[in-house]
Amino acid sequence: MQARFGSVGSLEEGKEPAVTTRSKTPPLRVLQLFGLFLALCMAFFMISIYTIRHFGTYSVIATVKSNIVPCDEDETTSLDHWRKPPSNLLHSMSDEELLWRASFMPRIKKYPFNRVPKIAFMFLTKGPLPLSPLWERFFDGHQGLYSVYVHSLPSFEAEFPPSSVFYRRQIPSQVSEWGKMSMCDAERRLLANALLDISNEWFILLSESCIPLYNFSVIYHYIKKAKYSFIGAFDDPGPHGQGRYNESMAPEVNLTQWRKGSQWFEINRKLAVNIVEDITYYPKFKQFCRPACYVDEHYFPTMLTIQASNLLANRSITWVDWSRGGAHPATFGSADITEEFFTRIYEGHECWYNDQPSSICFLFARKFAPSALEPLLQIAPKVLGF
């Protein structure tokens, strides 16, 4: 029995002791956090279902996308790039690039924004604008209805204060010579820069010696209501007209189409585009109209007569006095500025306006010397209306 029990004891001692594992219950804090997590998940799921059913699947996504702007997106992708005028006139485009860019023209007449048509006042000068204080008074209070552009000698640096309408209104320019194609180049350059502002509808070429004969409102409405553009284009059979024609200009320009007119004009946007996009007549005039053929008197009048004679009033709205003779009109100084002087300009003229006879024929006058400024400022409220 003892051996038997000993045997049994040996076997039992040889066994590995049984390991008893006690099951542990998770702490209450862990269960509470897990329950809260499940509740949040369920709440988010229910809110998502509610949003999709009531507002559509893409409502939230669309809102998020609207706030994301691609890194390479800039203002050129928006309508403002075409609607707003250039913030800086001193661009780096060549004449060829500028004329190409300015020739863009919308084919749809109705604009997709509220467009207020403006007049572009283009000053072709050698340098200073001695009559600028008079023009400042003329423009005052009419912001948004006009634009100003100045073409001067490249070496000239204007010094206008930031409050001036002429401040930073100089365009990239080149030397222009009277009677030569470089003068027409300067005029085309002014038109092209002004065309970059889509709101410019009418374009008036002026010199530093020009003055307005009426206040801004009168001139604006006169131009706005006109059916025709004011550029002289008449057939002069004399030596200073047809006598300047060169037969080498045919077949693009025939003698019967040859016209002459004043350099100072007002044209609408369509005709301005015609001028800047021209590559047909420009080479002919540049090669075959040289002094004593003065190209600035013939190029635009002839070309526009050929292309759009039905849009021309065939007269200028800038008064000049040729009574003293010579190659240039009379210049007026301080002693000339009287009420009687302006009465002579205003009265005694008849012209056609919108196919009806009119006594208001001129809106501007030239040539006025710098010495005329002070008496002009004094007489302007009573005579000029501003």
Practice task
Heads up, I need the accessible area for S316: 1.4 angstrom probe, whole protein in place, Å², nearest 10.
Solution key: 20 Å²
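I'd like the carbon and sulfur percentage of the solvent accessible area for segment 82-315, probe radius 1.4 Å, heavy atoms only, ligands and nucleic acids excluded.
Here carbon and sulfur together make up 52 percent of the probe-accessible area.
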Practice task
Calculate, in nm to one decimal, what E350 and T280 gain on full extension: separation in residues at 0.36 nm each, minus their alpha carbon distance.
Solution key: 21.6 nm
Fill in the blank from the handout: So, for the Cα atoms of segment 169-252, Rg and Dmax in Å stand at 16.6, 46
Completion exercise
Simple SL model, points at 7 angstrom along Cα→Cβ for N88 and F234; separation in nm is 4.7 nm
Problem - With all protein chains modelled, accessible area of V150 [1.4 Å, Å²] - result: 10 Å²
Exercise for the section: Any chance you could look up the accessible area of R189 with a 1.4 Å probe, heavy atoms only, rounded to 10 Å²? Expected result: 10 Å²
Problem - Surrounding net charge for D321, when Lys and Arg each add one and Asp and Glu each subtract one, Cβ distance under 11 Å - result: +3
Problem - Per-selection metrics, segment 82-315 (Cα): Rg and Dmax in Å - result: 17.6, 52
Fill in the blank from the handout: Over segment 82-315, with neighbouring protein chains present, the accessible area per residue in Å² at probe 1.4 Å is 47 Å²
Problem - Diffusion constant of segment 220-263 at 4 °C, which comes from Stokes-Einstein with the Kirkwood Cα-pair radius and 1.567 mPa s, µm²/s - result: 105 µm²/s
Handout entry: Distance (nanometres) between label positions extended 7 Å along Cα→Cβ at W322 and A39
Key = 9.8 nm
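The values are calculated or read from the model by the stated rules, or taken from the named source; none is laboratory data. Owing to the predicted nature of the structure, the values given are computational and were not obtained by experimental measurement. Using ideal geometry, Cβ is built from the backbone for each residue, glycine included, and neighbour counts are taken over all protein chains shown. The area values use the complete protein model at the heavy-atom level, side chains included, leaving out ligands, DNA and RNA. Shrake-Rupley method; radii C 1.70, N 1.55, O 1.52, S 1.80 Å.
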